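Enquirer: Got a structure here, written out as structure tokens. Questions coming.
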Amino acid sequence: MKKNRPQFRINIKSRHLLGLMSVICISAMVSVLAAGVSTQPLQEIAGRVIVPFEKAIGRMSDVLTAIQERMQEKEALLLEIEELRAELDSLTTQNNKLIQDQEELTRLRTLFDLNEEYDNYPKVAAQIISKDPGNWYDTFMINKGSADGIRVNNNVIAGRGLVGIVTDVGTNWASVRSIIDDSSSVSAMTVTSQDNFVVHGDLELIDEGKLRFEQLYDLEGVVTAGERVVTSNISENYVQGLFIGYINQVKQDSNNLTKTGTIVTPIDFSHLKDVLVITVNKQDSME
Amino acid sequence: MKSKIAMLLTVLICFLLQCTLISRISVGSIKPNLLITLCVSMGLMRGRKGGLWAGFFSGILVDLFYGSVFGFYAFVYMYTGYLCGYAHRAFYDDDLKVPMALSAVADLAYNLAVYGLQFLLRGRLSLSVYLMRIILPEMFYTVGLTFLVYRPLRAINYRFMGTPWKESDSIWVVK
């Protein structure tokens, strides 16, 4: 008799179960895409379970690499001392030259008037704790979240330039889509001529560390290889003046009006570990 | 009940490993897909329903943290696991060659599905580039990972989940 069974079991044929679950998945996709239902509560719950483990794994591997490094360090140090002595001489001469360059740099910086803002944005330092499980996209998770003042659409930079943008936030984590991700696009401009264009991530160019740009309207041909590219003043999501990279190639489109090409980014995305999150959004500064 | 909790924990651990340690052993920025290995193993060892649940939960986790459309990866992984479940009745699960061959096919199908539904629809037409750069390297790497991971997974399956295998399930047993 079914009533006397100790366990309650639902017997459902596997193909019916597949149909049922397919409907659930598809309706989830539709409700998120079309109706804009937020998955934030679910993400929050999952984040509370998953993120502590990820942080722990990150810390563990840090300890292991530290031990490994310490072993190698001793031998390396002896070698290094000799190398360093030789280097010292050449560096002294180089230093003199750099002091001159430094003066030139500060002069040029005031000329562009961009980098000052760069330093003034409030920033939070964060560590990357996990990466996208697949090979198609380039997103990662950091160990700081809304508790540290991080919000959706915050810009993320690393030492030398723009890394990406925050797409999801939990209390103690945030996921970031990097600018080399195939679905990312950034409104950018050149530093000297202030021409606006759009920079896209492209999976086919990732290996070369490059980004693709298009819709550059430059009839006079002032924009050439080597030009510095920063986020533009008309960008909706990115604060102005974050360094993206240098223009690598410029090619005229067949419409003879716009140009496309590639940009080299200074950031090594595959070895990125520490990032800075700018906790001011572009929308804040507009209000 | 116990087997369900064990299944959930296995999925969780595999997801954690995939996002943290597996990224560190990537070669040429290509990492193997442990979640595909998991779906294939569960499908092969526990049948269509087992594969379906393993796929669904690993897909949901990917969706929650990394997906652009919620439900997409759950859908794809779920079908991968379910289809691998057809192998449950046709093959014994103690032969390592079966899951390796299956994971090659499953990884290929999974990546083609991701390409077709997320890249082709955005106008990225150069399939050959993606095939040589991402899909095939990942496939070989995943087969290698299956070779290493299948036996531990099988041990977990029989130790903690028990077997759902019934004699009447097998097409080889004369009824």
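The values are calculated or read from the model by the stated rules, or taken from the named source; none is laboratory data. Everything quoted here is computed from the prediction, not taken from an experiment. Here the Cβ positions follow ideal geometry from the backbone for every residue, glycine too, while neighbour counts run over all protein chains shown.
Enquirer: Scan B:TYR150, B:TYR86, B:TYR110, B:TYR82 and give me the residue that is under 24 Å from A:ILE24 (Cβ atoms), at pLDDT 90 or above, among the aromatic types (Phe, Trp, Tyr) and in contact with a Leu (Cβ under 7 Å, 6 or more places away or on another chain).
Expert: B:TYR82
Enquirer: From the list A:LEU276, A:LEU211, A:LEU216, which one is touching a residue at least 60 places away in the same chain (Cβ under 8 Å), in contact with a strand residue (DSSP E or B) (Cβ under 8 Å, 6 or more places away or on another chain) and assigned to a strand (DSSP E or B)?
Expert: Just a single option satisfies the conditions, and that option is A:LEU276.
Enquirer: Considering only residues that are under 21 Å from A:ILE165 (Cβ atoms) and within 8 Å of chain A (Cβ to nearest Cβ), which ones fall in region B:64-77?
Expert: Selection gives B:LEU64, B:PHE65, B:TYR66, B:SER68, B:VAL69, B:PHE70, B:PHE72.
Enquirer: Would you point out the residue of region B:89-127, among those that are of a type in the set (S, T, N, Q) and more than 15 Å from the chain's Cα centre (by Cα), that is nearest to B:GLY51 (Cα to Cα)?
Expert: The selected residue is B:GLN118.
Enquirer: Limited to region B:107-132, what total is found for residues that are among the charged types (D, E, K, R) and more than 8 Å from chain A (Cβ to nearest Cβ)?
Expert: Number of matching residues: 1.
Enquirer: So, one more: Take region A:242-273 and flag every residue that is touching a Gly at 6+ places or on another chain (Cβ under 8 Å), farther than 20 Å from A:VAL166 by Cβ and part of a strand (DSSP E or B).
Expert: Listed by number, the residues that qualify are A:GLY245, A:TYR246, A:ILE247, A:ASN248, A:GLN249, A:VAL250, A:LYS251, A:ILE263, A:VAL264.
Enquirer: When residues of region A:198-207 are filtered for being in contact (Cβ under 8 Å) with a residue 60 or more places away in the chain and away from every other protein chain (no Cβ under 14 Å), how many remain?
Expert: Total satisfying the criteria: 1.
Enquirer: Could you grab me the full set of residues in region B:129-153 that are β-branched (Val, Ile, Thr), farther than 26 Å from B:MET7 by Cα and crowded, with 20+ Cβ neighbours inside 10 Å?
Expert: Within region B:129-153, B:ILE134, B:ILE135 meet the criteria.
Enquirer: Also, I was wondering about something else. Would it be correct to say that A:VAL152 is within 12 Å of the chain's Cα centre (by Cα) and either closer than 21 Å to B:LEU64 by Cβ or not β-branched (Val, Ile, Thr) (or both)?
Expert: Judged against the criteria, A:VAL152 is not a match.
Enquirer: Please enumerate the residues belonging to region A:51-72 that are under 30 Å from B:GLY51 (Cβ atoms) and more than 7 Å from chain B (Cβ to nearest Cβ).
Expert: Listed by number, the residues that qualify are A:VAL51, A:PRO52, A:ALA56.
Here is a yes/no grid of residues against (1) farther than 21 Å from A:ILE278 by Cα; (2) within 14 Å of another protein chain (Cβ to nearest Cβ):
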residue: A:SER146; (1), (2): no, no
residue: A:GLY149; (1), (2): no, no
residue: A:GLY161; (1), (2): no, no
residue: A:SER178; (1), (2): no, yes
residue: A:ALA188; (1), (2): no, no
residue: A:THR192; (1), (2): yes, no
residue: A:LEU211; (1), (2): yes, no
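Enquirer: For region A:180-193, name all the residues that are in a loop (DSSP other than H, G, I, E, B) and either more than 12 Å from A:LEU242 (Cα to Cα) or not β-branched (Val, Ile, Thr) (or both).
Expert: If the condition is that a residue be in a loop (DSSP other than H, G, I, E, B) and either more than 12 Å from A:LEU242 (Cα to Cα) or not β-branched (Val, Ile, Thr) (or both), then A:ILE180, A:ASP181, A:ASP182, A:SER183, A:SER184, A:THR192, A:SER193 are the ones that fit.
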